[in-house]
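Trainee: Before I ask anything, let me first share the structure, which is written out below as structure tokens.
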Amino acid sequence: MPSPYRAIFTAPGSKGFSAAGFFGRMPLSMMGIGIVTMVSQLTGRYGLAGALSATLAMSAAAVGPQISRLVDRHGQARVLRPATLVSVAAVTGLLICAQQEAPDWTLFVFAASAGCVPSVGSMIRARWAEIYRGSPRALHTAYSWESIVDEVCFIFGPIISIGLSTAWFPEAGPLLAAVFLLVGVFWLTAQRATEPVPHPREHHTGGSALRSPGLQVLVATFVATGAIFGAVDVVTVAFADEQGHKAAASLVLAVYALGSCLAGAVFGLLHLKGPASRRWLVGVCAMAVSMIPLQLAGNLPFLAVALFVAGLSIAPTMVTTMALVEAHVPRTKLTEGMTWTSTGLAVGVALGSSAAGWVVDASGADAGYVVPAVSGAIAAVVAFLGYRRLAKPVPTREGQRERDYEDGAQHMA
């Protein structure tokens, strides 16, 4: 491990909560694609599969920020455990209904209920922010590390989920995802020493973190970015199926994540200069341009190469986004703010996977890659239009009150 990464793990407890976060985030890459694979295996209906995956993502988008808002007020352990139990119970119901060929509406009910899942990545990043507050260089490396972990999950998650569902039994992928979620969250919340302490009740004023203009730009852009990811997942499974190698979709999607993982590893070693908002804009535009070669994919090897190149822009953009969230959101709402970006992605994944599923059913997998291309173009337009809001963080009354509180506490000390 390069020395900057090794250095951040000198903090007590950092290895433990990062490892727990890895298991807790595996379902992020396994559940949606596992549901698509399961339903397509059982029914052959990609439209239904995409719609169920979209329902799960939309539910998580609606509930996730509320869970994180409660975490900012009451702490991670008190909130995450009951939320996780509800989500796991709903996933169990979804699998039973799918296996028993229950009516479609029952699948949608359980998929919506399963969205009561915490944003584990936001919880881990909040712990890093608490440890390395005031050390931008170390925090940049920590955020880069967590982006690497995200991409490792996306390398192995789809392989495990699709592989188990195609080689063992259709429900195997989502089932294992639920187990990972349960283990990861309960392991994480058992580590109380590194859990951020909730701020005093009087600091939790001013409404949602989403009132920040800068955060609004990030979330809106990430809706379109999430549509890229959701569409690529669904269309790649369908494309591999048309090629007669459905199980190979997991390997192709892993290559996509590998490109992001490698880029994130290098990005964390860099000493960056210049405004983060400019780097973010370049990253979003690069993601949009990288969707164009997918229209030419005629076979799986070409598709894998194109997705690897496309993945190179993902992790650096995500790392920069977390830095911008921290600059535009009061510390008392940091977990909620980070979760809102995940929510934007989740909404986009829902829209992209649903749209891609219907396009595949109507016109085939080749036509489906138009969906991520259009989504990328929309993301670039929104980023350009909102760039000025990100150029300079706007102090909020809540943030100023928090800084005054901390300055007073340091003075008293």
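Trainee: Could you point to the label whose value was computed as Cα Rg over 2.2 N^0.38 Å for the structure here, given (i) 0.94; (ii) 2.31; (iii) 1.03?
Mentor: Among (i) 0.94; (ii) 2.31; (iii) 1.03, the one derived from this structure is (i).
Trainee: With a 10 Å radius around each residue's Cβ, average the other Cβ atoms per peptide and rank 341-351, 143-153, highest first.
Mentor: Highest to lowest by the protection proxy: 341-351, 143-153.
Trainee: Ser29: net charge of surrounding residues, Cβ under 15 Å, Lys/Arg +1, Asp/Glu -1, itself excluded?
Mentor: Here the count lands on -3.
Trainee: For region 259-398, what is the accessible area per residue in Å² when the probe is 1.4 Å?
Mentor: 42 Å²
Trainee: Oh, and also: Highest mean first, what order results for 353-361, 325-333 on Cβ atoms within 10 Å?
Mentor: Put in order of decreasing packing, that is 353-361, 325-333.
Trainee: Here is a follow-up. Return the loop-located trypsin sites (Lys or Arg not before Pro) in region 208-289 (DSSP other than H, G, I, E, B) with at most 14 other Cβ atoms within 10 Å of their own Cβ; answer none if there are none.
Mentor: Lys273
Trainee: How large, in percent, is the carbon and sulfur part of the accessible surface of the chain at a probe radius of 1.4 Å?
Mentor: Accessible surface attributable to carbon and sulfur in the chain totals 67 percent.
Trainee: Find the accessible area per residue for region 128-176; the probe is 1.4 Å, ligands and nucleic acids are left out, and the unit is Å².
Mentor: So region 128-176 comes to 36 Å² accessible per residue, rounded to a whole number.
Trainee: Take the alpha carbon atoms of region 225-260, find their center, do the same for region 3-77, and report the distance between the two centers in whole angstrom.
Mentor: A separation of 18 Å, based on Cα centres.
The values are calculated or read from the model by the stated rules, or taken from the named source; none is laboratory data. What you see is a predicted model, and the numbers here were worked out from it, not measured in a lab. Ideal geometry is used to build each Cβ from the backbone, glycine not excepted, and the neighbour counts take in all protein chains shown. Just the protein is used for accessible areas: all its heavy atoms, side chains included, with ligands, DNA and RNA removed. Shrake-Rupley method; radii C 1.70, N 1.55, O 1.52, S 1.80 Å.
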